[in-house]
Amino acid sequence: MDELAPIAVAVPLLVAAALVGGALFVPRRVVDVASLLASLACCVLCALVLSDTRDGTLVHWFGGWTPRNGVALGISFAIDGFGAGLALFASALFVAAFLFSWRYFVVVGPLYHALMLVFLAAMLGFSFTGDLFNLFVFFELLSVAAYALVAYDIEEEGPLQGALNFAVTNTIGAFLILTGIALLYGRTGALNMAQIGEALAGGEADGLVVVAFTLMAVGFFVKAAVVPFHFWLADAYSVAPTPVCLLLSAAMSELGLYALARVYWTVFSDVLGSEEALQTILLVAGTLTALVGALMCFGQRHLKRMLAFATVSHVGLFLIGFGLLSPAGLAGVALFIVADGLIKAALFVSVGAVQHLFGSVDELRLFGRGRRLRITGPLVVLCGLAVAALPPFGPWVGKSLVDEAARAAGAGWVTPVFVVASVLTGAAVLRAAARVFGGIGPREDPSVVGAPAPDEVDPEFDYPHNRVPRTMTAPALALAAGGLFIGFVPGLRESVERAAERFVDRAGYADTVLRGEAPREVAAAAASPGVLDVVLGAVSVAGALALAWLALAPARPGLHRIGVVAGAGLGRLRALHTGYVGDYVTWLVAGAALLGGLFAVTLTT
Amino acid sequence: MSDRVRLSVFGVSLAGLMGLLLWALTGLPDFGHYAGPYGYILNRIAVPERSTTDVVTAVNFDYRGFDTLAEEFILFAAVVGVASILRKLRRERTRAPDDDAAGRHVPETSLTVRVAGLGLVAPTILVGLYIVAHGQLTPGGGFQGGVILATALLLIYLSADYMTMRAVGPVALIELAEGLGGAAFVVIGLSGLVAGGAFFQNWLGKGTVGDLLSAGTIPLSNAAVGLAVTGGFVFMLSEFLQQTLTRRQVRRRRGRSA
Amino acid sequence: MSFLPYAVAVWVMGVGLYGIVTSRDLLHLVICLSVMQSASYLLLLSIGYVDHAQAPIYADVPLGTRAVDPVVQALTLTDVVVGTTVTALLLALAVQAHKRYGTLDPRELRPGRERADG
Amino acid sequence: MAVCATAVVLVRDPLRQAMVASIYGLVLGVLFFVFEAPDVALSQTAVGAVALPLMILLALAKVRGGEE
């Protein structure tokens, strides 16, 4: 049933084109319903595709151009469990986002929906494709739709600048990716990933190969927001409309890492030198990202910006899981990405609901105003605990699996990184929840950003609203439930591990794609978290609660001083986040040169 | 970062990055010695198998037609994005309530320029259509022809005025062209799936090499892309144009009250 | 000579990036970005070039004549469209930003700047 | 080529830059023609030398007008 995949990409594009074609004649509700139906259809199609990938990679050759003598003539979709799973995950998020948009926007044209649908199609194509240039084209489609969506709220304060920084940095990233593709094409005369991998495998890792890998890694790191390529993310995510934030934070950053993993295991895994060196470099980059993101997250009072930095921190954790370069780590990351993405999406929806009611996303200004929200409040607290890795919920399962894989790979030193990142991000969410929904703690906080977040009020609308609409509560509950209980789905862990085993099998992938051979059988061990993981989870939750309590404790001079010192320390870090695009590009080029230098020294053979 | 620090960090890094790139490029075959195989194979098989004489068009609309579909929607997303970014701010409306109602009040274009401009419109449209239609035969195709068609409409603006241009290409019609072109391209892809079992399967008869209607679905795709590109570029250019005009009226208004 | 086109592509990229970092005007910055992107057109076409070969168009020449790589040309075409659209989108952002804030200097347009004066 | 690209970046005044960029687009188009890539040359000329500079000029007209 490989034909379903291109249909899943075509449906949202077709609906988007129809919406724009009839822009002036279609009423708002029809647009809403059509978009919702399109995303639901994608969900169904992706679920069918996913169930078909159980036995291995599905291949669809566009135009019927099957390879001749191992040379690909056209473009292929090569869909495995991870690609299809990610596509299903993205489609489900879009259903939630469209549902949420129903009442979020007072006035919204079909332009917004058309952009969202193109965004959806781009995510699906990006997850499915087996062709390097096609990957780049979908990367750009994803980016262009995202730039426009981030800037959608032109009435607000920041979106334009956020979108500008986003667009400039990501365009440079895309350019670097294309340069890498051009290098590989010059060497191998191929664009199909499996074919390039075949051509390079066992050969020499010279300057061309290593630099091509560097360029693609940097490009995808920019999209995934790995330190020091992360600066644009908070600027963009904190100003985008909330339903868009949900998609950016839960799916787009992760797609960047997915693409790097895909390219690594189809093209580079059998040619680059020292795997240990690459592992170390990736783990260090992941650690840096996790810690910087977590610290910045804790120092925010703008709720969306807080969640944006939580995203950065979690991307760092994902990178650590990927950097282990083992199927076990990859399986853990896959589960972690889905669970964490759903939780973060639920948090964004909750923030959006608060914003809908009170017209603000500022932690201190919202002090105590959320007391009467009987559903949203407890939900945010629960999600905060889950972010802090409370057993037995989804994020804890994912983190534990990655952690175990790290210990098995002899990289046990990353465990404290996971704990610290969980404590800081969890504490930030819990502290904000206590302030907003409980009215607990002081109204001043020396450890967060001084200036308040700008109000996000729709001037044509009367504030305050009285209640959270059901179209906001329902997606929040569903997303949270999915994220919390994903670890309990029977057989899921085995399937993910089997998919991970296939994902890292470069030769098997190439055989299936280029020669149409039946996929090989793989075994799965079905790892599960142990006692140590429960203890670690409990420690991080206790740490998060303690830290949140400290931040909220009644103003005693000693504590206040600690807060001031912490605030000053964070200020140094914050001062680097200047919001000036010239600085960001400088960081980008510096990071690229550094990474390239490290790779050149360690990976060349 | 101060300017000096930034520039020196950047200078050193850029030198490093450029050095890395040069190092990588020494690994390529020398300039003028492309090694293949992809391009060479297509050069050999495209003409007999697809009845096209322009292999680049065959690559764009057949072998790698799916790339072009995504590319077309990048254009689509950008057009929609430009429209959404440049839509009127609420404040703006109060400042210039009749922004697009009145015509232009700028120095009159001289008659000679107008006549010359209008005289160019028809040939330009003809050239654009020719380039779209001969996509599979000679250089050019939907994209190139579409851009030329779009500039022809702009010529109408330059030689007549904004209102005439809007009358020739009203917003609804431009949007319709843009949406229809995009949708038609998707439908061509889907039709391949239905008729031939693969998305973008070129299932129509290939005809004789060199004929205007040869190469199966390629001319249809070219037409669809041409429509979408014309619509897209006209839309973007007229959005920018409208911005310029709105400004003029805002300023005029301020001048009067001052 | 055999390396010159590649070196020029790297130079164009470097110059474009330099322009982006030092730019004081968003419109200038956007043009520099498109200059940087033109480096990739140049690189792609240089890679596919073959000495003493025809364009891959068989309208007037017999089949089998040596021609340059058509694939990189198709890729470049796609890339040109992508570059153009991104540039157009950025120009729209710049215009709107100017309308809102009255400046085009990226140093003065700083979103959600982290203020350390806590 | 390289000189032309450098000139585009170094010209700081956007109005003149738009002109230089247009010439640069044209030079690129000619170069692509020399590279035996007439398809690309055609679209580069149409876009780089006409459509984009036009958009830049329109954007500039808008921005300059606001400053007066």
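Work through the residues other than A:THR169 whose Cβ is under 10 Å from its Cβ and net out their charges, Lys, Arg +1 and Asp, Glu -1.
Values: positive: A:LYS223; negative: A:ASP235.
Residues close to A:THR169 contribute a combined charge of 0.
For the protein assembly as shown, what % of the accessible area comes from carbon and sulfur atoms, probe 1.4 Å? Numbers along the way, then the final one.
Working: 21160 of 32320 Å².
On the protein assembly as shown, the fraction of accessible area on carbon and sulfur atoms equals 65 percent.
Given points 7 Å out from each Cα along the Cα-Cβ axis, report the B:LEU129 to A:ALA474 separation in nanometres with one decimal.
Computed distance between label sites B:LEU129 and A:ALA474 equals 5.1 nm.
Which Cα, out of A:ILE172, A:VAL227, A:THR289, lies furthest along the positive dipole direction of segment A:150-294 (beta carbon charges, K/R +1, D/E -1)?
A:ILE172
If R0 is 25 Å, what FRET efficiency do you get for C:LEU63 and B:HIS33 from their C-beta distance, rounded to 0.05? Write down the numbers at each step before the final one.
Numbers: r = 23 Å, r/R0 = 0.90.
E(calc), rounded to 0.05, equals 0.65.
Local charge sum around B:ALA24 (other residues, Cβ-Cβ under 12 Å, Lys/Arg +1, Asp/Glu -1)? Present the calculation step by step, with values, prior to reporting the outcome.
Numbers: positive: A:ARG187; negative: A:ASP206.
Charge balance near B:ALA24 sits at 0.
Each residue of segment A:214-228 in order: what ³J(HN,Hα) in whole Hz does its phi give by Karplus 6.51 cos²θ - 1.76 cosθ + 1.60, θ = phi - 60°, with x for Gly and Pro?
4, 4, 5, 4, 4, x, 6, 5, 4, 5, 7, 6, 8, 4, x
Taking the Cα centre as origin and putting +1 on Lys and Arg beta-carbons and -1 on Asp and Glu beta-carbons, what dipole magnitude results for the protein assembly as shown, to the nearest 20 debye?
Working: 68 positive and 73 negative charges, 730 e Å.
The dipole magnitude comes to about 3500 debye.
Relative contact order for chain C using alpha-carbon pairs under 8 Å, separation at least 6, rounded to a whole percent? If you can, show how the numbers build up before the last one.
On the way: 103 pairs, mean separation 32.1, N = 118.
Here the relative contact order equals 27 percent.
Name all residues of segment B:35-59 having a backbone nitrogen under 13 Å from the label point set 7 Å from the Cα of A:ASN69 along its Cα→Cβ direction, giving them as ranges.
Output list for this probe position: B:37-38, B:40-42, B:44-45.
How high is the relative contact order of chain A, in percent, with contacts defined as C-alpha pairs under 8 Å that are six or more residues apart? Kindly include the intermediate steps, with their values, before the conclusion.
Working: 1104 pairs, mean separation 106.2, N = 605.
With pairs under 8 Å counted, the relative contact order is 18 percent.
Tell me the net charge near A:ALA250. Cut-off is 10 Å between Cβ atoms, A:ALA250 excluded, with +1 for each Lys or Arg and -1 for each Asp or Glu.
So the surrounding residues net to -1.
Among C:GLY19, C:GLY48, C:GLY102, determine the one that fluctuates most according to a GNM of chain C built with springs between C-alpha atoms less than 10 Å apart.
Result for chain C, Cα springs under 10 Å: C:GLY102 fluctuates most.
When a/c reaches 1.5 or more, the comparison of a/b and b/c decides; with that in mind, is the protein assembly as shown rounded, prolate or oblate per its Cα gyration tensor?
Values: a/c = 1.57, a/b = 1.20, b/c = 1.31.
Oblate.
Among A:25-31, A:120-126, how do they line up by average Cβ neighbours within 10 Å per residue, starting with the highest? Spell out each step's value before the answer.
Working: A:25-31: 13.3, A:120-126: 29.9.
Per-residue mean Cβ counts within 10 Å order the peptides as A:120-126, A:25-31.
Mind checking the per residue accessible area of chain C for me, 1.4 Å probe, whole number of Å²?
Details: 3200 Å² over 118 residues.
Value for chain C: 27 Å² per residue.
Average partner chain C-beta neighbours within 10 Å, per residue of A:5-14?
Working: counts 1, 10, 4, 0, 7, 8, 2, 2, 10, 9.
Mean shielding by partner chains, rounded to a whole number: 5.
When the solvent-accessible surface of protein heavy atoms is calculated with a 1.4 angstrom probe, in what order do A:THR289, D:THR45 fall, highest first?
Values: A:THR289 0, D:THR45 45 Å².
In descending accessible area the options line up as D:THR45, A:THR289.
Hey, what angle do you get for helix A:303-323 against the long axis of chain A, alpha-carbon based, 0 to 90 degrees rounded to 10?
Helix A:303-323 sits at roughly 30 degrees to that axis.
Express in Å², to the nearest 10, the accessible area of A:ASP32 obtained by rolling a 1.4 Å probe over the protein heavy atoms while all chains stay in place.
A:ASP32 exposes around 0 Å² with every protein chain in place.
Suppose each label sits 7 Å from its Cα in the direction of the beta carbon; what would the B:VAL187-A:GLU517 distance come out to in nanometres?
4.4 nm
Take the Cβ-Cβ distance between A:GLU276 and A:THR605 as r, set R0 to 22 Å, and report the resulting FRET efficiency rounded to the nearest 0.05. Working shown, then result.
Working: r = 14 Å, r/R0 = 0.62.
According to the calculation, E is roughly 0.95.
Counting partner chain Cβ atoms within 10 Å of every residue's Cβ in A:126-138, what's the average? Before the final figure, lay out the partial values.
Working: counts 1, 0, 0, 3, 0, 3, 0, 7, 5, 0, 6, 14, 5.
Across A:126-138, the average partner-chain Cβ count within 10 Å equals 3.
Roughly how big is segment A:239-387's charge dipole about its Cα centre, with Cβ charges of +1 (Lys, Arg) and -1 (Asp, Glu), in debye to the nearest 20? Numbers along the way, then the final one.
Working: 10 positive and 7 negative charges, 205 e Å.
Computed charge dipole of segment A:239-387: roughly 980 debye.
Name the residue from A:LEU99, A:VAL541, A:THR53 whose Cα lies farthest towards the positive end of the charge dipole of chain A, charges +1 on Cβ of Lys and Arg and -1 on Cβ of Asp and Glu.
Result: A:VAL541.
Which FRET efficiency value, to the nearest 0.05, do you get for A:PHE25 and A:ARG561 by plugging their Cβ-Cβ distance into 1/(1 + (r/R0)^6) with R0 = 56 Å?
Values: r = 64 Å, r/R0 = 1.14.
Using R0 = 56 Å, I get an efficiency of 0.30.
Once you put a point 7 Å from the Cα of A:ARG443 and another 7 Å from the Cα of A:ARG572, both along the Cβ direction, what distance in nm separates them?
So the two model labels end up 3.4 nm from each other.
The values are calculated or read from the model by the stated rules, or taken from the named source; none is laboratory data. Not measured: the values here are computed from a predicted model. As a convention, Cβ positions derive from the backbone with ideal geometry for all residues, glycine included, and neighbour counts pool all protein chains shown. Keep in mind that these areas ignore ligands, DNA and RNA; they rest on the heavy atoms of the full protein, side chains included. Shrake-Rupley method; radii C 1.70, N 1.55, O 1.52, S 1.80 Å.
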